[in-house]
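First the structure, in the form of structure tokens, and then the observations on it.
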Amino acid sequence: MSGQPDYAREIAKHMGLTPYIAGVGGEVVEVGNGRGRMRLPYSDKLIGDPDTGVVHGGVITAFLDHCCGMAVATGLRDPMPIATLDLRIDYMKPATPGADIFFEAEVLKVTHEIAFARAVAYHVKDDPIAISNGTFMLTRGPVPYPTRSAS
């Protein structure tokens, strides 16, 4: 993350500590320069279908959204609040029970008021579980996270 503004480092530090991500055991692996990468270790508390042990699709949806949001936030020139306007997800296959899930996102384009990002969820990089395309609203105003390090 060298060369990143202070606020991008703050985003990287705090995005893995949100109550949802921390509550389900997820972690931010890497974030910066308009990209994000996360890992979700398999856990019984994530199961959507007890008969198969498959992770609930809502968990995957939330991580795709979160990962895209991180990518957008660090892809902006200046920090500002963002909100998901639209998130399309195409599920390719169920997640494999017992296997960790990885998520990667990148910003595609940033305009004055809208940012576009895409993400993928996978166990093996060339075999996606799900892919997503998101549209995010950018608003001018106070940011919901610190913009300077406390040091």
Tell me, which residue of region 81-97 that is farther than 12 Å from Pro128 by Cα and surrounded by fewer than 16 Cβ atoms within 10 Å (Cβ to Cβ) is modelled with the lowest pLDDT? Pro81
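Every residue in region 77-92 that is touching a strand residue (DSSP E or B) at 6+ places or on another chain (Cβ under 7 Å) and in contact (Cβ under 8 Å) with a residue 60 or more places away in the chain, please. Lay out the reasoning, then the answer.
Taking region 77-92 as the starting set, the residues that turn out to be touching a strand residue (DSSP E or B) at 6+ places or on another chain (Cβ under 7 Å) are 80, 82-92.
Answer for region 77-92, where residues must be touching a strand residue (DSSP E or B) at 6+ places or on another chain (Cβ under 7 Å) and in contact (Cβ under 8 Å) with a residue 60 or more places away in the chain: just Met80.
Would you pick out the residues in region 48-76 that are in a strand (DSSP E or B) and either in contact (Cβ under 8 Å) with a residue 40 or more places away in the chain or among the acidic types (Asp, Glu) (or both)?
Step one: filter region 48-76 for residues in a strand (DSSP E or B), giving 48-49, 54-55.
Those that are in a strand (DSSP E or B) and either in contact (Cβ under 8 Å) with a residue 40 or more places away in the chain or among the acidic types (Asp, Glu) (or both): Asp49, Val54, Val55.
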Filtering region 41-79 down to residues that are surrounded by fewer than 16 Cβ atoms within 10 Å (Cβ to Cβ) and under 17 Å from the mean Cα position of the chain (by Cα), which residue is nearest to Ser132 (Cα to Cα)? Gly58
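Residue-wise test of (1) closer than 29 Å to Tyr42 by Cβ; (2) in a strand (DSSP E or B); (3) at pLDDT 95 or above.
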| site | (1), (2), (3) |
| --- | --- |
| Ala99 | yes, no, yes |
| Ala105 | yes, yes, yes |
| Ala130 | yes, yes, yes |
| Asn133 | yes, yes, yes |
| Ala150 | no, no, no |
Within region 30-68, count every residue that is out of contact with any strand residue (DSSP E or B) (no Cβ under 6 Å at 6 or more places or on another chain) and among the basic types (Lys, Arg). 1
So, in region 135-148, how many residues would count as being farther than 17 Å from Ile11 by Cβ and modelled with pLDDT under 95? 1
Picking from Met38, Met15, which residue would you name as being buried (at least 16 other Cβ atoms within 10 Å of the Cβ) and modelled with pLDDT under 90? Met15
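Looking at region 8-56 only, could you name the residues that are among the aromatic types (Phe, Trp, Tyr) and in contact with an Asp or Glu (Cβ under 8 Å, 6 or more places away or on another chain)?
Residues of region 8-56 among the aromatic types (Phe, Trp, Tyr): 20, 42.
Correct list: Tyr42 only.
The values are calculated or read from the model by the stated rules, or taken from the named source; none is laboratory data. Worth saying up front: this structure is predicted, and the values here are computed from it rather than measured. Reconstructed Cβ throughout: ideal geometry from the backbone, glycine too, with neighbour counts over all protein chains shown.
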